[in-house]
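Here, each number is a calculation from the coordinates, and none is a lab measurement. Here the structure is a predicted model, which is why all the values come from computation and not from measurement. Methodologically, a virtual Cβ is constructed for each residue, glycine included, from the backbone with ideal geometry; neighbour enumeration extends over all protein chains shown.
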Amino acid sequence: MEGAVFMVVPVQNNDGSPLSPCHPARARILLKQEKATLVTVYPFVIRLTFQVENPAFPPSRITMDEGKTVGLGVVKETGVANVAVCKVEMKTRGEEISGNLEARKALRGARRKHRNRQKDHEGQVKIQYRHGQEYPPSIRADVDAKVNAVRRLMKMYPVTEIVLEPVKLDIFGTINPGAQGTDYQTGPGRGIEAGSSNEKRRLAILKRDGYRCLCCGHSVTDETARIHHFVQRKDGGSKRYDIQGTLCETCHTSVSTGDLALAFDLDSYPSIRAVGRSMHGRFLLERELGKLGVPVTIRYGYETKALRDTFGLSKSHANDAVAAGCNPDKPLVDEATAYRVKLHARHGGRKLFDANPGVGKYRSDARCQPGVDQSRMGVDEHDQAENKKNRSYRRHVRNRYYKLLRNTGRFNGDLLPGKRGLNEVFTANRAILLTKDGPVLVKNQQIGQWKYNGSWPARNKVIERYDLVRTSKGDIGIVTSIMSNCTVKVEFTKKRAGRKANFSMYKPDTLTILQKTSSQTWVIL
């Protein structure tokens, strides 16, 4: 690859089983003599065109430094040294998925509440959850991403062992320094009776603060007290006792409006969300790794730190992973190619509820027709009886306008609500086909076709979301968006000198596909 530096190149046997990696010069010779074919570009892997019988290779270990940012390493142990052949760093999407689920929950709850008001009864807002699931979707997504990365490494290198450094942290001790003994059984809410957990938490915070405002010191009561979150959710806040405090009504209003600023140190409120998520999915991860057919060894942080100091490695997730897989009695030789893995959403461009640009225009145009009583066209969410009385009139006005459009041949039924293909144009499963007549916007075969009536082309003829491409100037990036005018948004893997934005828009015929889309994109650091 132009501009890419590989220390070693993974090699697969003719049947797809991994062999010992080779030097890049040898890989070039094998490719030139047609004794090997290219499997993937990033990571750069070749496959032999002949079968090597009874291959011999030194034992290799895949090591994982668990956390929100995952470090992976591949270390082979020869007779004289530990040889690091690969380093990988990857950020998981669990917190993003969790946030999306919360947003969907709030949006659906608001919609159900609005629908209940329209029906003239309060009703109960019910959110359906997936019952029977052992772990929530965000935790399972994190574990699946880590296991998939290990599977890919096992296809590249002959692995004989997996070494895992799990996250194990005393969360209560981190939040409450100096806690010991029975402190772990006696929380702030001990002995407080309340009708709900939220009310119990509120009373516990008031009791802890002595029913006084932490800002001005004035006394407060249950009615006048306000519980303030010093660390908001967007900054990693939660319902923890230590990041909430008592304020009086005046101070709380001043803080909310920005007239009063509370000075506090964010470092004094360490975020435990990422640690908690990793610890939540720890046993699921160990179980899934155990299904790969390779023995799994657990190694803890203090052991990794001692090994990292022994080999003189700097602190990083990838170096921690490499150190965890080394034999301390042998020196370390670093021949690793460093990769960064970017994870993609399976439906990356799909919104919770895609808006239909046609409905709004049709309804506004219908409302502007002559002879329309504007007082009966508005919708007041607080007066459901009036809305119900005028609902048939609004429907009559729209149907009269649609009839006019049909008579003049300007009516598009696809823009009306309830159509199955209403929002398919805006989904993420789109692609651009380069034809002799120019680029054509097509859709994924599993959903159907749009603006293209031919048979579905080969994937190497189509530019899709998350494809790894190279521009005419040699810059490498990932396709993140495909516009309806057949232009492509490319986000570059490395920041370009002299450019403020790390993305640009390109015509598809100026791009070269390096790697087809997948759930993980591997790029060289």
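Please find the FRET efficiency linking Asn407 to Thr224, where r is the Cβ-Cβ separation and R0 is fixed at 60 Å, and quote it to the nearest 0.05. That pair, Asn407 with Thr224, gives E of 0.35. Checked against a 26 Å cut-off, the cross-linked pairs Lys32/Lys76; Lys87/Lys489; Lys87/Lys291 give Cα-Cα distances beyond that limit for Lys32/Lys76; Lys87/Lys489.
Across all C-alpha atoms in the stretch 147-229, the radius of gyration and Dmax reach 22.8, 68 Å.
Separation of the stretch 296-323 from the stretch 163-216 is 33 Å, based on Cα centroids. For Lys473, the aspartates and glutamates whose Cα comes closer than 18 Å to its Cα, not counting residues fewer than 8 places off in the same chain, are Glu2, Glu491, Asp509.
Were the residues from Val52 through Val333 laid out at 0.36 nm apart, the gain over their Cα-Cα distance would be 98.5 nm. Between Leu107 and Leu260, how high is the FRET efficiency from 1/(1 + (r/R0)^6) when r is the Cβ-Cβ distance and R₀ = 22 Å? Nearest 0.05. In this case the efficiency is close to 0.10. Could you tell me the distance between the Cα centroids of the stretch 501-525 and the stretch 52-101, to the nearest Å? Their Cα centres are 24 Å away from one another. Rounded to the nearest 0.05, the FRET efficiency derived from the C-beta distance between Glu161 and Asp15 at R0 = 25 Å is 0.65. Straight Cα distances below 19 angstrom link Lys68 to the aspartates and glutamates Glu89, Glu95, Glu96, Asp142, Asp144, Glu165, Asp170, Asp235, Asp267, Glu286, Glu288, Asp320, with same-chain residues fewer than 8 positions distant left out.
Neighbour counts of other Cβ atoms within 10 Å put Ile272, Ile482 in the fewest-to-most order Ile272, Ile482.
For a paramagnetic label modelled on Cys368 (point 7 Å from Cα along Cα→Cβ), amide N atoms under 18 Å away belong, within the stretch 389-405, to 397-405. Annotation: lysines with alpha-carbon distance below 23 angstrom to Lys35 (same-chain offsets under eight excluded): Lys155.
May I ask you to sort His218, His114 by Cβ crowding, counting other Cβ atoms within 10 Å and putting the fewest first?
By the 10 Å Cβ count, ascending, the order reads His114, His218.
When Glu161, Glu102, Glu223 are arranged by Cβ crowding within 10 Å, least crowded first, meaning fewest neighbours, the order is Glu223, Glu102, Glu161.
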